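This report concerns only the one structure given below.
The values are calculated or read from the model by the stated rules, or taken from the named source; none is laboratory data. This one's a predicted model, so the numbers in the text were calculated from it and none came from an experiment. Note that we place each Cβ from the backbone using ideal geometry, even for glycine, and neighbour counts take in every protein chain shown. The accessibility values were calculated without ligands, DNA or RNA, using every heavy atom of the protein model including side chains. Shrake-Rupley method; radii C 1.70, N 1.55, O 1.52, S 1.80 Å.
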Amino acid sequence: MLLSILLSFMSFSADSTIKTTELNEVVVRVFEQKKSAFSSPDAIAILNAQDLTRTNNTSFVTSLNMQAGVRMEERSPGSYRMAIRGSALRAPFGVRNVKVYWNQMPLTDAGNNTYLALIDPDFFNELTIIKGPSGGIYGAGTGGVMLFNSPNATQKKIIHQQVANSLGGYKQSWDLQTNGHRVYASYWNQEGYRKQSDINKQWLSYEYHKELGRNTQLDVITYFGRVTYQTPGGLTLKQFQADPRQARPAAGAFLSAADQKATFRLQTLGVGVQLTSRWNEHWSATSNRSAQLNLIENPTIRNYEIRKELNFSSRNVIHFKNDDLSVDGGLEFQTGIFDSQTFGNKKGTKDTLQLTQNTTLQNASLFLQGEYKINNSWNLTLAGSYNQFWTEFIGNEGIFSPRIALLHHITPRQNLVVKVVHGYSPPSLGEIRPSTGIINRSLRAEKGWNKEVSWRGKSKFLQWNLSVYQFDLNETIVIRRAADGSEYFDNVGRTRQQGIELSHVWKIGQNLELTNAETIQNFRFVNYQIAGKNFSGNRLTGTSPFQHASTVSYAISPWIRWHMQYTYTDKIYLNDANTDQLPAVHLWNSKVEYQRGKWNVWLSAENIGDTMYTSGPDLNALGGRYYNTSAGRNFSLGLKLLFN
């Protein structure tokens, strides 16, 4: 399949008789420079506002799963995992080992965790995804980076949206923008497909953008969010087949998820300030400060946890640029105070105090990056960062991570990139202090080298991006399960992650656009022996050998547009022994929208084939409780009004 597509690329030319319109090349700010997916030395995916809400306006799952090398999993509404090139191996729940920024300010806390359930797809006008390690430019991490951006609100407009779902959900949002001020408020309540899987979410934010003279820009963000989602728990295969909509039933000494009122409750309050200054035609600087407070209550089947997490972040970058050379150097620093109390859970009520754990984490990245235009055909990028991570549990660890890339313009419309980058990812707080309640003081940071070659091209109607990579990772962190089902984490030696990613967009005429994304992953344990068992050579837990995604967008008339999406996910390995697997899944989603003047009305359908499947399995689950049933066929009706 890949070969046939590559041959078709080479056969296309600008003189094709097919009537086409030229595709736009989108430029974003990534790695502290303005780049497009074509000109960047790194593998990136760019999603605009339309891409983020192509068929779903309440969740990122559908839009992100259309990208090569990216997989977002939903265990239940609100409980998400992100896998960029297999990086969800470490996350039983939540988003770990993927750094997330909003308007260049970190949403990821000092403990390497991001509460992605708080934010909405229609809140942003752009998302850039960086695949694989970044060499420390965005701090420590091997999974990748997500850069969210919201509009500057320079125009006066009011956007009101309402969405109703056939499962019993309702969302409403207001977006007010004027003269650099933006206020966004949203409410979403969704009845779950399974018992004990409802979600309720509120969000209120204020953004301010101001030009202070000709050379200085001020940006401010403040936000408050509250999300509560129930957690139904994993099912065995027998339970999944008998009644896929049930919550985890009682077993042995443990009550059911419903009886224990298993729920995750989060309240967050944040503020960030950024100042951008242009000193002269060559020099400029960016500096930001942000703070975030998270208050969490989490009754589970086994216990009742209360957490208070206070985080502070700063990022300072100085830029130099002339005709042939650009240099960016800076420092990112984060510190977090994490207090936790664990109680017994008596049917959703706090019982006896079992454990108190308080700690402070700090991490810092000092980085320098240079890009030199050797001539019209060659560009060289050299970068390096020194990263440090400190916690009282495992002490201080520091490491240098270099990044080298060479870009060759084969023709003005094709280029070839060769890149070598080092990745470093310390254990997150959730891995050092897992749900077993036992501090893991021996856990070590992951470290590895990623080697990658990319071939990119564009014509008036076609854009493509092909990447081939190998990531050799040492001290890989994986999830394991204790006898009571609680998780803990171990370093398992080495893994080798080999992959091929191909994406292309083809625009035919004014009315039809086709996109394709294919991912091949040969991810394996190289050296993994534990408790007398040898898993060396097995595929990485939670990964799929092959994924395919296609989107067709067709303008039926100037006001009516139809979107159809198809995804295929090959089998997923559920345990380290590779003895249990999720079967392959085919999914179809569709959306028809009418947009004219101030009106935008749409009807969308998800899982059209009513496939019974699991989007986010529990890996290495005790007793084979892998299965978290995803929603069956469901429909959404939406209305958006624009006043300006």
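Provide, for q = 0.12, 0.15, 0.18 Å⁻¹, the log10 of I(q)/I(0) from a solvent-free Debye sum over equal Cα point scatterers in segment 504-559.
After summing over all Cα pairs, the log10 values are -0.51, -0.61, -0.71.
How would you rank 527-536, 411-420, 139-148, highest first, on the average number of other Cβ atoms within 10 Å across their residues? Don't skip to the answer; put the middle values down first.
Numbers: 527-536: 12.9, 411-420: 15.3, 139-148: 26.3.
So the peptides 527-536, 411-420, 139-148, ranked by packing, come out 139-148, 411-420, 527-536.
For the chain, what is the calculated [θ] at 222 nm in deg cm²/dmol (nearest 500), taking -39500 (n - 2.57) for each run of four or more DSSP H residues and dividing by its residue count?
Working: 5 runs with 28 residues, N = 644.
Rounded to the nearest 500, the figure is -1000 deg cm²/dmol.
Roughly how far apart, in whole Å, are the Cα centres of segment 280-319 and segment 450-482?
Segment 280-319 and segment 450-482 have Cα centres separated by 28 Å.
Could you point to the residue in 621, 638, 607 farthest towards the positive end of segment 587-644's charge dipole, with +1 and -1 charges on the Cβ of Lys/Arg and Asp/Glu respectively?
638
Say the dipole of the chain comes from +1 at the beta carbon of Lys and Arg and -1 at that of Asp and Glu; which of 270, 233, 569 then lies farthest toward its positive end?
The listed residue farthest towards the positive side: 233.
Can you tell me the FRET efficiency between residue 281 and residue 218 if r is taken as the Cβ-Cβ distance and R0 is 25 Å, rounded to the nearest 0.05? The partial results should precede the final answer.
Numbers: r = 21 Å, r/R0 = 0.85.
Efficiency at R0 = 25 Å is approximately 0.70.
What nm distance separates the two modelled labels at residue 596 and residue 368, each placed 7 Å from Cα along Cα→Cβ?
Once both label points are built, they end up 6.1 nm from each other.
Using a cut-off of under 13 Å, list every residue of segment 522-562 whose amide N is near the label point 7 Å from the Cα of residue 642 along the Cα-to-beta-carbon line.
Taking a point 7 Å out along Cα→Cβ of residue 642, the residues of segment 522-562 whose backbone N falls under 13 Å are 559.
Any idea what the relative contact order of the chain is, in percent, if you count C-alpha pairs under 8 Å spaced at least 6 apart?
Working: 1862 pairs, mean separation 80.9, N = 644.
Relative contact order for the chain comes out at 13 percent.
What label, among (1) 25.6, 85; (2) 35.8, 133; (3) 23.9, 75, belongs to Rg and Dmax of the Cα atoms in Å computed from the structure on display?
(3)
List the lysines whose Cα sits under 26 Å from the Cα of residue 350, skipping any in the same chain fewer than 8 residues away.
195, 201, 261, 308
Could you tell me how many cubic angstrom of Cα convex hull volume segment 291-353 has per residue? Let's see the in-between values first.
Numbers: hull volume 6.6 nm³, N = 63.
Convex hull of Cα atoms, per residue: 105 Å³.
How large are Rg and Dmax for segment 315-383 when calculated on the C-alpha trace, in angstrom?
Rg, Dmax (Cα atoms, Å): 23.9, 70.
Over the alpha-carbon set of segment 377-457, divide Rg by the Kirkwood Rh and report the Rg/Rh ratio to two decimals. It would help to have the intermediate numbers written out before the result.
Values: Rg = 18.5 Å, Rh = 15.3 Å.
Checking Rg against Rh, the ratio lands at 1.21.
Let me understand segment 149-209 better: what is its radius of gyration from the alpha carbons, and its Dmax, in angstrom?
When restricted to Cα atoms, segment 149-209 yields Rg and Dmax of 14.6, 46 Å.
What base-10 log of the normalised intensity I(q)/I(0) is obtained for segment 428-487 from the Debye formula, alpha carbons as equal point scatterers, at q = 0.19, 0.30 Å⁻¹?
With no solvent term, the Cα-only Debye profile gives -0.79, -1.20.
Please give the solvent-accessible surface of residue 271 in Å², to the nearest 10, using a probe radius of 1.4 Å with every protein chain present.
For residue 271, the solvent-accessible surface is approximately 60 Å².
What is the ratio of the Cα radius of gyration of segment 362-407 to 2.2 N^0.38 Å, where N is its residue count, to two decimals? List each step's numbers first, then the result.
On the way: Rg = 15.4 Å, N = 46, 2.2 N^0.38 = 9.4 Å.
This ratio for segment 362-407 stands at 1.63.
Taking the convex hull of the alpha carbon atoms in segment 288-415, what volume per residue do you get, in Å³? Walk me through the numbers on the way to the answer.
Values: hull volume 20.7 nm³, N = 128.
With only Cα atoms used, segment 288-415 gives 162 Å³ per residue.
How much of the pair distance distribution for segment 76-223 lies past 21 Å, counting alpha-carbon pairs only, in percent? Intermediate values should be presented prior to the final figure.
Values: 5798 of 10878 pairs.
Result: 53 percent of Cα pairs exceed 21 Å.
Do any of 131/156; 34/451; 34/156; 460/591; 99/347 go past 29 Å between their Cα atoms, and which? Spell out each step's value before the answer.
Values: 131/156 36 Å; 34/451 24 Å; 34/156 27 Å; 460/591 27 Å; 99/347 36 Å.
131/156; 99/347, as the Cα separations exceed 29 Å there.
How large are Rg and Dmax for segment 37-162 when calculated on the C-alpha trace, in angstrom?
Cα-based Rg and Dmax for segment 37-162 come out at 14.3, 44 Å.
What is the ratio of the Cα radius of gyration of segment 181-234 to 2.2 N^0.38 Å, with N the residue count, to two decimals? Provide the component values of the computation, followed by the final result.
On the way: Rg = 17.9 Å, N = 54, 2.2 N^0.38 = 10.0 Å.
Its radius of gyration relative to the 2.2 N^0.38 Å reference: 1.79.
Let me know the charge dipole size of the chain about its Cα centre in debye, to the nearest 20, where only the beta-carbon of Lys, Arg (+1) and Asp, Glu (-1) is charged.
Values: 66 positive and 51 negative charges, 118 e Å.
Approximately 560 debye in magnitude.
Sort 364-372, 276-284 for me by packing, meaning the mean count of neighbouring Cβ atoms within 10 Å per residue, highest on top.
Numbers: 364-372: 19.4, 276-284: 13.6.
Ranked from most to least packed, the peptides come out as 364-372, 276-284.
Of the options 372, 41, 465, report the single residue whose Cα projects farthest towards the positive end of the charge dipole of the chain (beta-carbon charges: Lys, Arg +1; Asp, Glu -1).
Working it through, the farthest residue towards the positive pole turns out to be 465.
Give the relative contact order (percent, whole number) for segment 302-391; include only Cα pairs under 8 Å separated by 6+ residues.
Numbers: 198 pairs, mean separation 24.4, N = 90.
The value is 27 percent.
Taking every pair of alpha-carbon atoms in segment 521-605, what share in percent sits in each 5 Å bin, from 0 to the bin with the longest distance?
Percent of Cα pairs in each bin: 3, 13, 16, 13, 10, 8, 8, 8, 7, 6, 4, 2, 1, 0.
Taking the square root of 5 times each eigenvalue of the Cα gyration tensor, what semi-axes in Å does the equivalent ellipsoid of segment 256-328 have, largest first?
Working: eigenvalues 427, 32, 12 Å².
Equivalent-ellipsoid dimensions as semi-axes: 46, 13, 8 Å.
If the viscosity is 0.692 mPa s and the temperature 37 °C, what Stokes-Einstein diffusion coefficient in µm²/s follows for segment 462-597 when Rh is the Kirkwood radius over Cα pairs? Numbers along the way, then the final one.
Numbers: Rh = 17.9 Å.
The calculation lands on 184 µm²/s.
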